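Each remark here refers to the structure printed beneath this line.
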Amino acid sequence: MVIRHALKEDVKKIMEIYEYARRFMAEHGNPNQWGPTNWPPEELIEKDIADGKSYVCMDEGRIAGTFFFCQGKDIEPSYLVIEEGEWTEDSPYGVIHRLAGNGTVKGVGAFCIEWAFMQCGHLRADTHGDNQVMQNLLEKSGFSYCGVIHVAEDNYPRLAYEKVLENNK
């Protein structure tokens, strides 16, 4: 598998992956994270692509997964306030959002997370409390639970996770 920036011509495939992900989440006890709002909207994906922050995971020449990634200092406004815990590190970080696979290739999520982590050595992510699949993936990928954050998209609290390269600490 390889990661590359998403292109405008990838939007249709990316939206199909998100449609699959919404069904998958609903079938696995997480109907509220993206389902009620049909998240993410196509306009957001197009903006992410234009901003160079949308990525696809390619397997044998086909798009198997997608995600948002960016890095910097205090780049995620919803991460500025964390409740019931704290971040373990205050250095610049990468953030991964909207991670989804099309269900045809095993290990896409872990591959994308590892790729993002290797770009920065300090990665943060969050997920809905009902998203056991993502929570398990983050924990298997070496992330630590840090607390609760809130997002603008809905009123559901999100579980916040962080992974820091040992020499970054």
Could you please let me know if GLY61 is more than 21 Å from PHE111 (Cα to Cα) and open to solvent by 30 Å² or more (accessible area, probe 1.4 Å)? no
Name the single residue, out of those in the range 135-156 being free of Cβ contacts under 8 Å to residues at least 60 places away in the same chain and open to solvent by 30 Å² or more (accessible area, probe 1.4 Å), that is nearest to GLY107 (Cα to Cα). LEU137
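Quick check on this structure: which one of ARG98, ARG22 is assigned to a helix (DSSP H, G or I), within 20 Å of ARG158 (Cα to Cα) and charged (D, E, K, R)?
Within the list ARG98, ARG22, the selection yields ARG22.
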Could you please give the count of residues in the range 86-121 that are open to solvent by less than 30 Å² (accessible area, probe 1.4 Å), β-branched (Val, Ile, Thr) and under 18 Å from ARG62 (Cα atoms)? 1
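When only residues in the range 67-85 that are assigned to a loop (DSSP other than H, G, I, E, B) and of a type in the set (Asp, Glu) count, which is most open to solvent (accessible area, probe 1.4 Å)?
Residue satisfying both the conditions and the ranking: GLU84.
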Which residues, counting only those in the range 1-55, are among the β-branched types (Val, Ile, Thr) and either open to solvent by 30 Å² or more (accessible area, probe 1.4 Å) or under 19 Å from PHE111 (Cβ atoms) (or both)? VAL2, ILE3, ILE14, ILE17, THR37
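The values are calculated or read from the model by the stated rules, or taken from the named source; none is laboratory data. For clarity, every value in this text was computed on a predicted model and none was experimentally measured. Neighbour counts run over all protein chains shown; Cβ positions are idealised from the backbone, glycine included. Note: accessible area is taken over every heavy atom of the protein model, side chains too, but ligands, DNA and RNA are not part of it. Shrake-Rupley method; radii C 1.70, N 1.55, O 1.52, S 1.80 Å.
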